[in-house]
Amino acid sequence: MNFPVPRTAPSGLDLEIHQLSELTEFTEAVRLQRQIWGFDDAELLPPRLFVVASKIGGQVLGAFDRNKMVAFCLCIPGLKPGGNYYLHSHMLGVLPSYRDSGIGRRLKWKQREFALASEVDLIEWTFDPLEIKNAFFNIERLGAVVRRYVHNQYGTTTSPLHAGLPTDRLIAEWWIRTDRVEAHNSGRPFEAGRIEARISVPLEIAQIREQDPNRAQEIQRSVAEQFDQHFRQRLTVIGFKKEDHAGTYLLGQWESK
């Protein structure tokens, strides 16, 4: 089961994006979670988490169409070994009727803007390796790279969007001060590097998930094995290509500095 998405996204949007600070805004973000993902109440992030994130160096952004919140993004602060501070972008959601209108991209670049002002170098988030659209967005639209695969990170959830599969995740690393990211922001061409390996996901994976869960799980298992193998060889996802029958991750050598 998937939530309905309109054939055309709203046109002529005059969005306002700002950091949320009021309890009523945080409560509205919780309501959006239920609409977007269909979680049971027990799996919703509560308002108090949004409050805490906003007060300890995180970010809570909301996108508004007039006075209606139609999307939000939640970041929490993280600490790497060695004391390096970064942001973990835990959740970004857009109402189904507002998808494919560029809101997600605008939220991410606004997220980067605030992070740069806070002297942050890295923003990370997780995404489903089988979600071709998200992969293309993260890698080709934002300039993120990927070096880690996590098996069943969140366990089995109640969201229909997860279709009962293990919640395997790739970890996107968004090094927001690099030339790679700045090129994607400005629309300049960027040469990612030599491709040494490819991992493909069928374009019809959403239908397979819904109609043939066993095959979907086989595809997920195969994709996981390939990522595990290539990451052990210290390869990095540096590109993503949409082909006739598949979305393909492109792996090669990469250094963040």
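Every number in this text was worked out from the coordinates using simple rules, so none of it is lab data. Note that the coordinates shown come from a computational prediction; the quantities given were computed from them, not determined experimentally. Every residue, glycine among them, receives a Cβ derived from its backbone with ideal geometry; neighbour counts consider all protein chains shown.
Label the stretch 211-257 by shape, choosing from rounded, prolate and oblate, from the square roots a ≥ b ≥ c of the eigenvalues of the Cα gyration tensor; if a/c is under 1.5 it is rounded, and otherwise prolate applies when a/b is larger than b/c, oblate when it is not. Intermediate results must be reported in sequence, preceding the final value.
Values: a/c = 3.82, a/b = 1.65, b/c = 2.31.
Here the stretch 211-257 falls in the oblate category.
Can you run the Rg to Rh ratio on the stretch 84-231? Use alpha carbon positions and the Kirkwood inverse-distance Rh. Before the final figure, lay out each step's value.
Details: Rg = 16.1 Å, Rh = 16.7 Å.
When Rh is taken as the Kirkwood radius, the ratio is 0.96.
I'd like the Karplus ³J(HN,Hα) series for the stretch 14-25: coefficients 6.51, -1.76, 1.60, θ = phi - 60°, whole numbers in Hz, and an x wherever there's a Gly or Pro.
Those phi angles translate into 10, 7, 10, 10, 8, 6, 7, 9, 9, 4, 5, 5 Hz.
Check residue 246: other-chain or 5+ apart residues with amide H under 5 Å from its amide H, H built from backbone geometry?
Amide H to amide H, under 5 Å and 5 or more residues apart or across chains, residue 246 pairs with 203.
Taking loop as defined by DSSP and a crowding limit of 10 other beta carbons within 10 Å, which chymotrypsin sites (Phe, Trp or Tyr not before Pro) in the stretch 41-136 fit?
Values: sites: 50, 64, 72, 85, 86, 98, 109, 114, 125, 127, 136; in loops: none.
Hits after loop and neighbour filter: nothing returned.
For a quick check of your reading of the filter: which trypsin sites (Lys or Arg not before Pro) in the stretch 36-109 sit in a DSSP loop and have no more than 16 other Cβ atoms within 10 Å?
Numbers: sites: 48, 55, 66, 68, 99, 105, 106, 108; in loops: 66, 99.
Sites meeting the loop and neighbour criteria: 66.
Provide Rg and Dmax in Å for the chain, with only Cα atoms included in the calculation.
18.1, 50
DSSP loop GluC sites (Glu not before Pro) in the stretch 157-233 with at most 14 other Cβ atoms within 10 Å of their Cβ, which ones?
On the way: sites: 173, 182, 191, 196, 204, 210, 218, 225; in loops: 191, 196, 204.
Passing both the DSSP loop test and the Cβ count: 191, 196, 204.
Rounded, prolate or oblate: which one fits the stretch 65-147, using the alpha carbon gyration tensor with axes a ≥ b ≥ c (rounded when a/c is under 1.5, else prolate when a/b beats b/c, else oblate)?
Details: a/c = 2.12, a/b = 1.38, b/c = 1.53.
Cα axes put the stretch 65-147 in the oblate bin.
With the contact rule set at Cα under 8 Å and sequence spacing of 6 or more, what percent relative contact order holds for the chain?
Working: 448 pairs, mean separation 40.9, N = 257.
Relative contact order comes out at 16 percent.
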